[in-house]
């Protein structure tokens, strides 16, 4: 990393960054990457600027996803830069600059998600082939031409078609958590969804753990549900494991139509509508707990 604080003046950031850039100027390939997302969550884009001998030899934009964090967009740009290097053979030394300190920290620690692991895998392969490659953090928006141009390319990526970009696991999880928070936050939203207002005092009396379990179930976001698991990881079979009828293992199915839970619900005179999950939280939660227990939760 460039040894400079983010709180330093732009002049100091630019001066220290320029000194580091000069150290790597003789590398065969020097790449700048950047990522951006509208409002930090939408229409992600990545930008890559490839230079050799101080001259731009290639630059391109890539979409990073309709729902995308800035960090995920930065990771997409890095991944595409490393893929570019993998496809080329006429180089022995390379440096890749990014203004995402979080990304450099994750790569340095050997952690992260699928994109970061793919970057690490390819970098390791190129090093095994005898090539030298380093990833370096530089502060952004301090007047470094390569970084500024990569930022422009990232904005171009945000404007590209996002429909074919799959959601990564971290983004899926963030969207699911957001759905649970919004459902619990707005009584009007719950009334529109279930046809009833939540009896908040009754649900609060359940305690946090039981209330969260009930909220996750009725919104379909409980991690034990096959539908939820399939949303997070598309390789998971989301059909109901309790009845084996080929129906999706959703909250609606388990509460309204699953033969394996029908007896429990019939005895409690429940299972007639999803509104019961907000209308009778104290009665519904123990049943939800029993259903989830059958799923191994």
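What the table below lists for this structure:
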quantity	calculated
Cα-based convex hull, segment 10-158, per residue volume (Å³, whole number)	99
Value at 222 nm in deg cm²/dmol, rounded to 500, when DSSP H runs of n ≥ 4 in the chain each add -39,500 (n - 2.57)	-15000 deg cm²/dmol
Taking only Cα atoms of the chain, radius of gyration then Dmax in Å	25.0, 77
Sorted by Cβ neighbour density within 10 Å, fewest at the top, the residues 86, 231	86, 231
Folded to 0 to 90 degrees: helix 145-158 orientation relative to the chain principal axis, Cα	30
Over the chain, relative contact order from alpha-carbon pairs under 8 Å, at least 6 apart, %	16
For segment 1-63: rounded, prolate or oblate by the Cα gyration tensor [a/c cutoff 1.5]	oblate
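All of the numbers you see were taken from the coordinates with simple rules; none came from a lab. Remember, it's a predicted structure, so these values are computed and weren't measured experimentally. Quick reminder, even Gly has a Cβ in these numbers, built from the backbone with ideal geometry, and neighbours come from all protein chains shown.
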